[in-house]
Structures are given as C-alpha cells and as structure tokens.
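Input: a single structure, listed below in structure tokens.
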Amino acid sequence: MIYFDKVTKFYNGGIAALDDVTMTIEPGEFVSIVGHSGAGKSTLLKMIFAEEIPSEGTVYFESNNIAYFGKSDLNKLRRKIGTVFQDFRLLSTKTVYENIAFAMEAAGQRNEDIAADVPHVLDLVDLSEKMDSFPRELSGGEQQRVAIARAIVNQPDVVVADEPTGNLDPISTYEIVQILKKINDLGTTIILTTHNKGVIDSLGRRVITMDEGRVVRDDKSGHYEL
Amino acid sequence: MAFLINIKRVSRAGFIGFLRNGFVSLTTVLIMAIVLFVMGALMMGGAALDATLVQLQEKVDINVYFLTDAPESDILALRDLVSELPEVANVEYVSRDEALAQFRERNKDDQLTLQALDELDENPLGASLAIRAKETSQYEGIAGFLENETAVGGGAQIIEKINYFQNKAAINKLTSIIDTSERFGLIVTIFLITVSALIVFNTIRLAIFTTKEEIGVMQLVGASDWYVQGPFIIEGSLYGFAGALLALLALYPVSLSLGPASQAFLGSFNVLSYYANNIGWLFFILVATGVGLGALSSFIAVRRYLRLTN
C-alpha cells in the first residue's frame, strides 16, 4: 500500500537525509524502523504523510504518486494516515474529548458519528474517565494515549508513530506498545520508529534498519541490531 | 448542509478559543480598545475642528456699504444679481432704517453719540449688503465682481465702499489656517490609523504565534486550511468587537467631563451632545474597524503558519 521507489531527499546544504530508498509496506503489517539519530527515520515518515516531498524518486500511497496530490487530496490522505509523535502534539486549549473530536470534525464527519466514535476510542485507550481533562492535566503516557486515540478515530489505513515511547517510562511504554498491537490486530497497518531495543525484541515483527539515509537491513521478524 | 455544520463548528471553536485563552484574549481586547478609543477620539476631535471652522467661516462676510443717496431699487437689483452667483451662500440686505436702528442699539449706553445723532436732520447711515460666500477663498472673486459691476454699471456711483479690501489680510489668513488644519488633521489621522493597525496586527500575531505548533497539528490531522483559519478569524473578530464596545464605553466619561469645557471653548460644539447624537455611527465605525482589523490580522497571521502546504 506504501511504496518508496528510489527516493532520495536532500535538505539545504546538500546532505542526503534519504539516499536511494526502495521499499514496500503491505496492508496490515507492523513495521518498525530503527537506526541512529539522523539515520533518516523521521524523514522517511514525513514522506508518507507528505510533510516532505522527495528530491528524487517517488512515493506511492495506494498506487497514487503523492507528489501529484493537490491540497484537498493531501487533506484526504492525512485523514487516512493517523500520526503519533514523541511530543504528543495535542491541542492544549481543547479537552481530551475535543482533541479527538477535532480530527473527526476536520474530516467532515456527522455529529452523531462523533458522539458515538469518540467515547469508543477513548475506551480502547482506557481514558474514558479523563475525557473532560485538558492535556496539561494528564501524565505523559496518558497524553500519548490521547494522541493514539486521535490517530485512529477516523479509522485510518495506516498509523505512523514516530518514537511514540521516547518520552515515556517503561510501564507507559509497555501500555503504548500493547495498544499499537491491538490496533494492528484490528487490521490497521502500523509504522513505528523507536530507539527502544526492548520494544522491538518483544514485538518480533518486521524490522527495517537505517543508516546514513540508506536501508541497510530488512528482516521479516527481526531484532534490534545496529 | 455539510457547509453549515462546518460554519457552526468553526464559530463554536472560535468562541471557545476566545474564552479559554482568557489572559491572551483580555490583553488583546484591551490593546484593541485603546487603539479604537484613540480612533473614536480622533473622530470626535475632527468633528470639533470641523464645527469650529464652519463657525469661523460663518463669521466672515463682506459688507458692501452704499451711499446714503443710493436708490433702494438699484441696491435691491444688485442684491439679486449677487445672490445668483454660485459662490454666494446668502446675501442679507440692511436698509438705512435698519442700519440706524442697529446703530442706536449698539450705542444705547452712549448718550453723547445718540444726542449727536439726534442733532442731525437726516439718517447719516447708508444701506448695506452682507454677503456670505460658501468658501472663504471665494471672497476675492465676489469682491472683484462687485468692483466690476459698479464700474461697468455706469450711471450713478452707488457703492461707498466694500470692506473686503480692509479685511483681505484676515480672510486670507483664515483661509490658509483652514486649509492647513484640514490637511494636518488628515495626515495625523492617517498616521495614527496606520500605527494602530500595526499595533493590532502585531498583538494578534503574537497571540497566534504561541499556537503555531498547534496549527501544524491541525493540518496533520487533515484539517483544511480554512478549517484551521476559521476559528482564529472568529477570535480576531471577537477581539475587535469587544474592544470596540470597551472603547465606546470609555468615550462616554471622557465626553461627559469635556462637554461643558468644549462648549465654553468652542462655542457651538459640545463633545457630549456629539457623542450622544452620533453614538450609532460611532458604534458602527468602531465595530466595523475593530472586527475588520481583527479578522484580517488573524487571517494574515495564521496563513504564515500554515506550513504543510504544497
């Protein structure tokens, strides 16, 4: 469903953040991407939801070249991709409920659907009791669970998680990984980047290892090795 | 239908944002209020200036004094001629008898003069025309016309003197004062409005700067540009609306305290009655400016942070 064809990305200064990357991600996969800081993991993810466009090569989403997407196509694309980040990126002036509802409102969903689906995903991440809290009133792990709930509420095809456990304690990390596995079991493709060896080893799923912008290893059921 | 729902959601988000960003909203509204207060004060000051100038202009006229033996029919003919000139606002005829009555009234405490007047067999005063032009700058032309008319009119000389030539220097000076103050007022107004607009824009830009990360998040979640901008534009309009109300309220005590003083100093113009009579107009101008400025500033400010654009 996602296909990178010889993708290279230069940032200003001419250093290649991505260097001739070719890979395919199939529907329903749980893919982890590992590598040192600066190996190109985040750039690779940004290519998927078109925050960055390739300098060379092509990124396809469901056989469509993302570079040709217009504004409204991009908005639709981003509603098919849920995103989760290390720094949570919640809307600070909105409550937990409103943060999640916002993603549905922006997608033009009906009020009845919003009223039905938001409590459902909150239940999935076990935050039903905190739906009227503001993000600043939550712990890091709770905030990340809100971010995941927001990422999945529009029933996306893919969830892209960029170091979602980077700021969390081991127990919260475990909870987040369990939630991601649960979402994957429900059929959603997950693309995860992480520095956490324990997370990768406990998953036992496909691991792509990157170094200096290149894919150096791609194991079907890999371990964390750099 | 979907469009209406979006409008509703955007407006609601704008109102909620306005209320929840309490401190930022408060400071922005206060700055907006100060700016709009200055604007309202400028409008009222401008009106005071205009009223004063009009009043001064009304005090200026030229008088044509006729010889005592000038036939009244000739004078009235000249009056009709002059009143048809496009520059002339009105012409007032003072007959010999009226002139005498006015003279007596003016000197009613001066027995000596009145006695001297009574000694005379006949009324020593001539009739006169008081001519008022629409603009002070037009007096020269009217005076020139009268000069020509009496020269060309041939026949008997009926005009004794035209006081324009005595008042010329004063009238010219007044004309230039009016021109200068109108131009100066315009420049000051434009300058202050520009400064005000920049202050408001910068304030709103700073208020939105704190949410620039969140604008990116909204886009990542798949919100369209206008869906992201909408609530900010509503918020900006609310700043303007609230600021305009505050400014209008603040102008009341100021007008109240300056009312009697302005009446005493400027004569016909009373700040308080201007405020009372024009409150609807003031409200409209201040609200329109506030809302327009707030909405436009928000629109421009948010657009800078819509970074996920291809």
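The values are calculated or read from the model by the stated rules, or taken from the named source; none is laboratory data. Note that the structure is predicted; figures quoted are calculated from it, not measured. Virtual Cβ from ideal backbone geometry, glycine too; neighbours counted across all protein chains shown. Heads up: the accessible areas ignore ligands, DNA and RNA and are worked out on the full protein's heavy atoms, side chains in. Shrake-Rupley method; radii C 1.70, N 1.55, O 1.52, S 1.80 Å.
Values computed for the structure shown
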read-out	value
Filter result (more than 30 Å from B:Pro253 (Cβ to Cβ) and open to solvent by less than 70 Å² (accessible area, probe 1.4 Å)) within region B:8-59	B:Arg9, B:Val10, B:Ser11, B:Ala13, B:Gly14, B:Ile16, B:Gly17, B:Gln57
Given (1) without any contact (Cβ under 8 Å) to a residue 24 or more places away in the chain; (2) open to solvent by 40 Å² or more (accessible area, probe 1.4 Å), index of the condition A:Ile114 fails	(2)
Which listed residue is touching a Phe, Trp or Tyr at 6+ places or on another chain (Cβ under 8 Å) and modelled with pLDDT under 85, from B:Asn310, B:Asn270	B:Asn310
Any hit, region B:127-142, residues being assigned to a loop (DSSP other than H, G, I, E, B), at pLDDT below 80 and under 30 Å from B:Asn172 (Cα atoms)	yes
Helices (runs of 4 or more DSSP H) lying entirely in region B:156-271 (those with 3 or more residues that are more than 14 Å from every other protein chain (Cβ to nearest Cβ), hydrophobic (A, V, I, L, M, F, W, C) and at negative phi)	B:164-209, B:225-266
Options A:Asp73, A:Asp132, A:Asp123, A:Asp87; residue that is open to solvent by 50 Å² or more (accessible area, probe 1.4 Å), closer than 26 Å to A:Ser55 by Cβ and among the charged types (D, E, K, R)	A:Asp73
Region B:254-284, residues that are more than 15 Å from B:Ala242 (Cβ to Cβ), among the hydrophobic types (A, V, I, L, M, F, W, C) and surrounded by fewer than 17 Cβ atoms within 10 Å (Cβ to Cβ)	B:Val254, B:Leu256, B:Ala261, B:Ala264, B:Phe265, B:Leu266, B:Ala276, B:Ile279, B:Trp281, B:Phe284
Output for region A:68-118, where each listed residue is at the interface with chain B (Cβ under 8 Å from one of its Cβ atoms), of a type in the set (Gly, Ala, Ser) and within 25 Å of A:Gly187 (Cβ to Cβ)	A:Ala103, A:Ala106, A:Ala107, A:Gly108
Residue pairs meeting the criteria (Cβ under 7 Å; at least 6 apart or on separate chains; first under 25 Å from A:Lys80 (Cβ atoms), in region A:1-19; second of a type in the set (A, V, I, L, M) and surrounded by fewer than 17 Cβ atoms within 10 Å (Cβ to Cβ))	A:Phe4/A:Met23
Residues located in region A:42-54, provided they are surrounded by fewer than 22 Cβ atoms within 10 Å (Cβ to Cβ) and away from every other protein chain (no Cβ under 14 Å)	A:Thr43
Pick from region A:169-204, criterion over 16 Å from the mean Cα position of the chain (by Cα) and within 21 Å of A:Thr24 (Cβ to Cβ), ranking: most open to solvent (accessible area, probe 1.4 Å)	A:Gly204
Residue match in region B:90-101 (condition: of a type in the set (Ser, Thr, Tyr), away from chain A (no Cβ under 14 Å) and in contact with a helix residue (DSSP H, G or I) (Cβ under 6 Å, 6 or more places away or on another chain))	yes
Residue match in region B:106-125 (condition: more than 22 Å from B:Glu58 (Cβ to Cβ) and within 37 Å of the chain's Cα centre (by Cα))	no
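Here's the yes/no breakdown for (1) surrounded by 14 or more Cβ atoms within 10 Å (Cβ to Cβ); (2) in contact (Cβ under 8 Å) with a residue 24 or more places away in the chain; (3) closer than 30 Å to B:Glu182 by Cα; (4) of a type in the set (Lys, Arg):
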residue	(1), (2), (3), (4)
B:Ala70	yes, yes, no, no
B:Ile75	yes, yes, no, no
B:Ala89	yes, yes, yes, no
B:Phe103	yes, no, no, no
B:Glu119	no, no, no, no
B:Ser128	yes, yes, no, no
